[in-house]
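The values are calculated or read from the model by the stated rules, or taken from the named source; none is laboratory data. Quick caveat: nothing in here was measured; it's all calculated off a predicted structure. Quick reminder, even Gly has a Cβ in these numbers, built from the backbone with ideal geometry, and neighbours come from all protein chains shown. Note: accessible area is taken over every heavy atom of the protein model, side chains too, but ligands, DNA and RNA are not part of it. Shrake-Rupley method; radii C 1.70, N 1.55, O 1.52, S 1.80 Å.
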Amino acid sequence: MVELGESDEAELQRLVAAERQKAQFTAQVHHFMELCWDKCVEKPGNRLDSRNENCLSSCVDCFIDTTLAITSRFAQIVQKGGQ
């Protein structure tokens, strides 16, 4: 087993945290898509009509925009707290 130096371990921790954040974001998008599907699609068929497509797209976009805004705000708060 290879021993990591302090800087290597810090970099590894940073990479793991970034991957964890990506996974959480992907899981959120999937969850939002399920919520939006229930909201927008009344009768699933072979194809989505343009109304359903627009509803789904707008719904998921709103959830993503909100999540990014909240994440950004928390990052600002954390950054201010660390100074």
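Observations on the structure shown:
- Residues in the range 24-40 that are closer than 18 Å to residue 75 by Cα and at pLDDT 85 or above: 24 only.
- Set side by side, the residues 13, 28 differ, and just one is open to solvent by 100 Å² or more (accessible area, probe 1.4 Å) and either touching a residue at least 12 places away in the same chain (Cβ under 8 Å) or assigned to a helix (DSSP H, G or I) (or both), which is 13.
- Flag for residue 7 being among the polar types (S, T, N, Q) and either outside any helix (DSSP H, G or I) or loosely packed, with under 10 Cβ neighbours inside 10 Å (or both): yes
- Scanning the range 58-80 for residues that are open to solvent by 100 Å² or more (accessible area, probe 1.4 Å) and among the β-branched types (Val, Ile, Thr) gives a single hit, 78.
- The range 34-57: number of residues that are of a type in the set (Ser, Thr, Tyr) and surrounded by fewer than 12 Cβ atoms within 10 Å (Cβ to Cβ): 1
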